[in-house]
Every structure is written in structure tokens, then in C-alpha cells.
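Engineer: Below: one structure in C-alpha cells.
The values are calculated or read from the model by the stated rules, or taken from the named source; none is laboratory data. Computed from a predicted structure; not experimentally measured. Using ideal geometry, Cβ is built from the backbone for each residue, glycine included, and neighbour counts are taken over all protein chains shown. Keep in mind that these areas ignore ligands, DNA and RNA; they rest on the heavy atoms of the full protein, side chains included. Shrake-Rupley method; radii C 1.70, N 1.55, O 1.52, S 1.80 Å.
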Amino acid sequence: MAVSLQGISYTCFGLSYLLALLLELARLLWPRPIWRPLALTWGFVGLFTHTVYLAWNPPTPAMPAGALLILAWVLAMFYLYGTVHYPKQAWAVFVLPLIIGLIALSFTLLNSTSASASFRVPTWLTGEHFWGALHGSLILLAAVGVSVGFLSSVMYLIQARRLRNKVNPGRVVPMLSLERLETMNRRAVNLAFPLLTAGLLVGSLLAPPPGDDWLSVKILSTAGLWVVFLVLLYLRYGANVPPRRIAMLSIATFGLMLLALGTAHPFAVGGSK
């Protein structure tokens with residue numbers, strides 16, 4: 001019964017975001033003044049129901065489904081801010097599919113055999129203690145930065161291809177300039193790296209002594225994410241690599257982040273001490 005109720009809740013805000021996306025696409029294909037307020041309305045409905053669900057069913061970032069759902073909620077606020085702040089840009093067309101995808105992945109993991117198995121979380125991972133909450137918050141904020149870097153990179157590559165092929169701007173989806181997108185990516189990476197570093201340091205201090213759990217997919221992928229970030233910063237500031245390659249590496253970094261968030265925390269299995 002619990003899974004059914006959770007499914008209805010997921011469906012509620014998931015469909016709201018989907019309707020907002022369809023209305024945004026309609027605004028691009030058949031420009032009419034009515035599409036924008038309707039799309040924003042359904043976007044706000046999605047964020048409201050999403051927030052209510054999280055308030056009544058607070059997830060733990062230690063579980064993959066919870067981490068992805070919280071990340072989708074933060075990006076939903078980012079989507080609404082960007083849509084209002086850049087009314088002439090097709091902001092929602094790029095952000096909403098990511099939000100919907102994270103929600104779908106969260107729901108799939110929630111109802112998978114591994115996610116629905118016995119899963120007891122020690123107090124430092126649930127956020128009941130200050131340092132546990134700090135660890136989870138830092139990792140989550142770093143994930144937001146990676147997601148923003150991913151979105152800006154996708155838009156950068158599309159916009160660069162348009163300019164290279166001399167596509168008429170009036171016949172394609174409007175987007176920010178290459179300079180604005182490159183700046184967005186740079187700021188996202190610059191903010192995410194120290195947040196991820198601090199989160200890993202706090203987590204390593206709270207975790208049990210090194211053992212087999214330290215070789216889990218989640219731990220290795222998170223550590224790998226930090227190394228990729230370090231390479232990304234070196235390529236940008238040390239090697240002066242072209243923005244196009246930075247954008248491609250940022251997209252790959254997002255995939256590694258999904259792997260890290262989509263696997264169960266090894267220190268959260270087996271109960272608290």
C-alpha cells in the first residue's frame with residue numbers, strides 16, 4: 001500500500017512537470033501568449049506537490065531514490081527561476097527533461113528489489129546528527145552544481161553547432177549566448193568542486209575504519225567524481241583546453257554523478273552501531 005501511495009505522489013508532480021514541458025514545446029512550435037502562463041502554472045503545481053511529498057515523506061540522501069528526488073526538487077526551483085528570469089529563452093525545454101528523468105529514475109530505484117529490501121540507516125546518515133546532515137547537504141549541493149554544468153554544456157554544444165553551421169536564429173529554439181553558457185558552466189564547476197571536497201572530507205571522518213565497504217561502487221564512483229573534477233579544473237585553468245572539450249567532459253561528469261547517487265551507501269546497510 002505504501003508503494004502505491006508513493007506511486008500516486010510521484011505521478012502527481014511527475015505529470016505536472018511533463019505537462020509544463022509539453023506546454024513549453026507548444027509555445028515554441030505554435031507561439032501564443034497563453035502557453036507561457038499555463039506552462040508556469042503547471043510548473044508551480046509540480047514544485048508544490050513535489051515539496052508536499054518531500055515534507056510528508058522525508059527521504060534520506062543515503063538512499064539512491066531519496067538523493068535523486070531531492071536533487072530533482074532543487075533543480076525544479078532552478079528551472080522556475082530560469083524560466084521567469086529568461087522569458088525569451090527555451091530554458092524549460094532543457095531543464096524539465098532532466099527533472100522528469102531524475103524523478104523517473106528515483107521511482108524506479110524506489111520500487112526495485114534492491115531499494116525495497118531491508119535498509120536501515122545509521123543516525124549520522126539520516127541527518128539526525130549535525131555532521132551527517134552537513135555531509136549529505138554538501139554532496140547534494142555539489143550534485144546541483146554538476147547538473148547545472150551538464151545543462152549548460154549540452155546547450156553550449158548545441159549553440160556552437162548552430163553557429164558553426166550558420167543556422168538562422170529565428171528558426172530554432174532560442175538559447176543563451178556561448179559566453180553566458182560557458183560562464184554558467186565555469187561557475188557551476190568552481191562551486192561544486194569545493195562542496196564535493198568538503199562533503200567527502202566530512203564523510204570520511206564519519207565513516208567506519210577502512211574495509212571492504214570502501215571498495216563499493218558508490219565510494220569509488222564518488223572518489224572518481226572528485227578526480228574528474230580536478231582534471232576538469234586543470235584543463236580549464238592550467239591547459240587552456242577549448243570550451244567544447246570542457247563541455248563534453250562536464251557531460252561525462254554528470255553521468256558519473258548519476259552512478260554515485262544511484263547506488264546505495266555501503267555504510268547505510270546493516271543497521272547502526
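Engineer: If I ask for residues that are open to solvent by 90 Å² or more (accessible area, probe 1.4 Å) and in a helix (DSSP H, G or I), which ones from region 20-44 would you list?
Structural biologist: Leu22, Leu29, Trp42, Phe44
Engineer: Here's something else I'd like to know. Within the set of pairs 6+ apart or on separate chains, which have a first residue in region 223-252 that is surrounded by fewer than 16 Cβ atoms within 10 Å (Cβ to Cβ), a second that is assigned to a loop (DSSP other than H, G, I, E, B) and of a type in the set (A, V, I, L, M, F, W, C), and C-beta atoms under 6 Å apart?
Structural biologist: Listed by first residue and then by second, the contacts come to Leu235/Val241.
Engineer: Shifting gears a bit: Residue by residue through region 67-95, note down the ones that are touching a residue at least 24 places away in the same chain (Cβ under 8 Å), over 11 Å from the mean Cα position of the chain (by Cα) and not in a loop (DSSP other than H, G, I, E, B).
Structural biologist: Met77, Tyr79, Leu80, Thr83, Val84, Ala92, Val93, Phe94, listed by residue number.
Engineer: Pairs needed: first member in region 47-58, more than 13 Å from Cys12 (Cα to Cα); second member anywhere, open to solvent by less than 50 Å² (accessible area, probe 1.4 Å); C-beta distance under 8 Å; at least 6 residues apart or different chains.
Structural biologist: As it stands, the answer is Asn57/Gln6; Asn57/Ser9, since those pairs meet every condition given.
Engineer: Which condition does Leu176 not pass, out of (1) at pLDDT below 85; (2) in a helix (DSSP H, G or I); (3) aliphatic (A, V, I, L, M); (4) open to solvent by less than 50 Å² (accessible area, probe 1.4 Å), if it passes all the others?
Structural biologist: For Leu176, the exception is condition (2).
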